[in-house]
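Please read the structure below before turning to the comments.
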Amino acid sequence: YRWFSGGRSPEFSVSRFYLAAPTREAALEEARPYIHRFAEHKRAISRQQGGEAQPGLDEQALIERSLIGSYDEAAEGIADLAANVGVHRLLLKPASLDHGRCRDSLARFADEVRPRLPAPLLDRRAA
């Protein structure tokens, strides 16, 4: 992939389901109905197309690849993506069926998660 970007590391954009709360349990309680609906929808599409459900559509696997958990866990997951994948832009998809809670989850990101991110990670925005 570096060949396509002229020998330098490309700037990756990654999207993840996101929901952070004071505790992991609270975040999971809110996110599980959304993840369930998403997985069911994707499995239905696979069935309609005559294929088998992909293993990545398992609800637990989706949660594990998401940024769902306590504020600290969400910040750790973002730092891990930046360090191990080289993510430069992160698109957060709130994992809630309630649109008001989606808005609230993004506000919680700004107020609770972002301040927990390592300073060098935040400084990369300006580069």
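A few notes on this one:
- In sequence order, the range 28-35 has phi-based couplings of 5, 4, 6, 7, 4, x, 5, 4 Hz under the Karplus curve 6.51 cos²θ - 1.76 cosθ + 1.60, θ = phi - 60°, and Gly or Pro positions carry x.
- ³J(HN,Hα) computed for each position of the range 79-89 - Karplus, 6.51 cos²θ - 1.76 cosθ + 1.60, integer Hz, glycine/proline x: 4, 5, 4, 5, 6, 9, 10, x, 5, 9, 10
- Residues of the chain: accessible area per residue with a 1.4 Å probe, Å²: 65
- CD proxy at 222 nm, helix term only [per DSSP H run n ≥ 4: -39500 (n - 2.57); per residue of the chain; nearest 500]: -15000 deg cm²/dmol
- Projecting the Cα atoms of GLY50, ALA110, ALA21 onto the charge dipole of the chain (Cβ charges, centred on the Cα centre) puts GLY50 farthest toward the positive pole.
- Heavy atoms of LEU90: accessible area, 1.4 Å probe, square angstrom to 10: 50
- Percent carbon-and-sulfur accessible area, the chain, ignoring ligands, DNA and RNA, probe 1.4 Å: 51
- List ASP98, ASP111, ordered by accessible area with a 1.4 Å probe, largest first: ASP111, ASP98
- Within-15-Å neighbourhood charge of ALA20 [Cβ basis; K, R +1; D, E -1]: -1
- Assigned charges on the beta-carbon of Lys, Arg, Asp, Glu; the chain dipole about Cα centre (debye): 580
- Considering only SER70, SER96, SER46, the mean-square fluctuation computed in a Gaussian network model of the chain, springs between alpha carbons under 10 angstrom, is largest for SER46.
- Rounded to the nearest whole Hz, the Karplus-based 3J(HN,Hα) values (6.51 cos²θ - 1.76 cosθ + 1.60, θ = phi - 60°) of the range 114-120 follow the sequence 3, x, 8, 6, x, 3, x, with x at glycine and proline.
- The label-point distance for LEU90 and PHE12, in a model that sets each label 7 Å from Cα toward Cβ, rounds to 1.3 nm.
The values are calculated or read from the model by the stated rules, or taken from the named source; none is laboratory data. Computed from a predicted model, the values in this text were never measured in an experiment. Don't worry about glycine lacking a Cβ; one is built from the backbone with ideal geometry, like all the others, and counts go over all protein chains shown. Surface areas here come from the heavy atoms of the whole protein model, side chains and all, with no ligands, DNA or RNA. Shrake-Rupley method; radii C 1.70, N 1.55, O 1.52, S 1.80 Å.
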